[in-house]
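One structure below.
The values are calculated or read from the model by the stated rules, or taken from the named source; none is laboratory data. Small disclaimer: the values here were computed from a predicted structure and weren't measured. Positions of Cβ are generated from backbone atoms using ideal geometry, with glycine treated the same way; all protein chains shown enter the neighbour counts. Surface accessibility is based on the protein's heavy atoms, side chains included, excluding ligands, DNA and RNA. Shrake-Rupley method; radii C 1.70, N 1.55, O 1.52, S 1.80 Å.
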Amino acid sequence: MAKARTRTTAASIARRIKEGRGAGHFAEYKPWLTIHDVPSTGVVTRILGWKSGRLHHYLSEHFELAHHYQMEWSKEVVDIREQFPLLPLEKTLFIAQKLGIRHPIDPKTKHPIVMTADMVLTVKKGEDVGFVAHSIKPISKLNRRTLEKMQIEKQFFKEMGIEWSLITEQQINYDLVKNVEWLHSAKTLSSLGHVNKDLVNQMQPNLYNTLRQSDTPLAKVTLALDKQYALPKGTCIQIVKHLIANRYWVIDMKQRVRSTLSPLIIKENNFPIGGI
């Protein structure tokens with residue numbers, strides 16, 4: 001059954017602001033819209049963020065979630081805030097009027113809606129910390145009306161001194177996306193059940209040496225090591241994912257890892273002497 005759209009009124013906007021929507025950073029941030037607020041024609045997703053430590057809400061799997069995975073992997077991005085509200089509402093109303101563009105309204109209530117940016121990123125370069133805004137849309141959806149609304153959004157962030165960019169499928173590396181998706185749940189040991197630091201420290205040298213010398217597909221090698229060391233099936237490949245996710249092992253993340261078809265090529269081993 002399709003979800004009903006949450007209608008926009010002055011009262012609903014005030015209520016969201018009171019709830020802290022659009023406020024905070026990292027785990028404290030609350031997106032203006034969640035998957036429960038907006039009907040979506042795509043696959044909506046909630047995912048626990050590496051950097052934020054909270055559940056992120058994405059309204060499209062192939063675009064917003066895909067770009068999230070790219071930003072999770074970026075060393076420069078330290079926080080991701082999705083569905084970021086352009087507040088106060090009076091500011092976007094003024095910008096729209098100045099640009100001669102019709103401001104988005106709720107089709108039922110006719111009340112102006114609070115516009116949102118798909119992502120606002122906190123970016124750290126050296127000692128400098130700043131913000132970058134991204135609007136994420138497929139090229140096929142860039143019609144005249146969408147581009148008009150983006151002009152409002154771009155001007156809003158320009159006046160805040162924040163760089164704004166449009167992200168389409170041309171800016172998404174789907175091999176990198178699939179690799180981060182493959183690794184994502186193995187970032188923390190708490191999500192890996194019986195896998196702990198001692199086991200990672202014990203198995204890392206054997207895994208590294210075996211994989212470096214093998215031209216056998218990754219999954220086959222790790223299953224053989226599971227059997228050799230009497231470990232539950234799937235243990236070694238989870239350790240491999242954990243090592244890559246935490247950059248202890250460096251691989252080419254822009255080339256798709258096909259664990260059942262190809263060997264894993266490890267370019268660098270940065271595993272700490274003495275273990276983690």
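Miscellaneous remarks
- For segment 155-205, a tally of residues being in contact with a Ser or Thr (Cβ under 8 Å, 6 or more places away or on another chain) and either closer than 30 Å to F94 by Cα or of a type in the set (V, I, T) (or both) returns 6.
- Options I101, I80, I136: the member that is farther than 22 Å from D37 by Cβ and among the aliphatic types (A, V, I, L, M): I101
- Test for I265: is it modelled with pLDDT of 95 or more and open to solvent by 50 Å² or more (accessible area, probe 1.4 Å): yes
- Residues of segment 73-114 that are closer than 15 Å to G49 by Cβ, outside any loop (DSSP other than H, G, I, E, B) and not aromatic (F, W, Y): V77, V78, D79, I80, R81, E82, Q83.
- Residue pairs meeting the criteria (Cβ under 8 Å; at least 6 apart or on separate chains; first among the charged types (D, E, K, R), in segment 250-267; second open to solvent by 100 Å² or more (accessible area, probe 1.4 Å) and modelled with pLDDT of 95 or more): D252/I265; D252/K267
- The single residue among A245, A219 that is among the hydrophobic types (A, V, I, L, M, F, W, C) and either under 30 Å from S135 (Cβ atoms) or surrounded by fewer than 18 Cβ atoms within 10 Å (Cβ to Cβ) (or both) turns out to be A245.
- The set of residues in segment 104-116 that are hydrophobic (A, V, I, L, M, F, W, C) and open to solvent by 70 Å² or more (accessible area, probe 1.4 Å) contains only I105.
- Test for G161: is it at pLDDT below 95 and not acidic (D, E): no
Residue-by-condition table, conditions (1) under 24 Å from Q97 (Cα atoms); (2) part of a loop (DSSP other than H, G, I, E, B); (3) open to solvent by less than 70 Å² (accessible area, probe 1.4 Å); (4) of a type in the set (D, E, K, R):
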site: A133; (1), (2), (3), (4): yes, no, yes, no
site: Q151; (1), (2), (3), (4): yes, no, no, no
site: K154; (1), (2), (3), (4): yes, no, no, yes
site: K178; (1), (2), (3), (4): no, no, no, yes
site: L183; (1), (2), (3), (4): no, no, yes, no
site: V200; (1), (2), (3), (4): no, no, yes, no
site: M203; (1), (2), (3), (4): no, no, yes, no
site: L207; (1), (2), (3), (4): no, no, yes, no
site: L225; (1), (2), (3), (4): no, no, yes, no
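- Single condition L192 does not satisfy, out of (1) within 23 Å of I276 (Cα to Cα); (2) open to solvent by 50 Å² or more (accessible area, probe 1.4 Å): (2)
- Scanning segment 68-84 for residues that are in contact with a helix residue (DSSP H, G or I) (Cβ under 8 Å, 6 or more places away or on another chain) and of a type outside the set (S, T, N, Q), we see that the one that is most open to solvent (accessible area, probe 1.4 Å) is W73.
- Within segment 33-67, the set of residues being open to solvent by 30 Å² or more (accessible area, probe 1.4 Å), out of contact with any Pro (no Cβ under 7 Å at 6 or more places or on another chain) and of a type in the set (F, W, Y) comprises W50 only.
Residue by residue, here is whether (1) modelled with pLDDT under 95; (2) open to solvent by less than 20 Å² (accessible area, probe 1.4 Å) holds:
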| site | (1), (2) |
| --- | --- |
| R102 | no, no |
| D118 | no, yes |
| K125 | yes, no |
| R144 | no, no |
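- A Cβ distance below 9 Å, combined with a sequence gap of six or more or placement on separate chains, defines the contacts here; from segment 64-80, residues that are under 20 Å from L243 (Cα atoms) and touching a residue at least 60 places away in the same chain (Cβ under 8 Å) reach residues that are among the acidic types (D, E) and open to solvent by 20 Å² or more (accessible area, probe 1.4 Å) in the pairs Y69/E181.
- Every residue from segment 4-32 that is touching a His at 6+ places or on another chain (Cβ under 9 Å), outside any helix (DSSP H, G or I) and surrounded by fewer than 16 Cβ atoms within 10 Å (Cβ to Cβ): T6, R7, T9
- Where Y208 falls short, out of the listed (1) touching a strand residue (DSSP E or B) at 6+ places or on another chain (Cβ under 8 Å); (2) at pLDDT below 95: (2)
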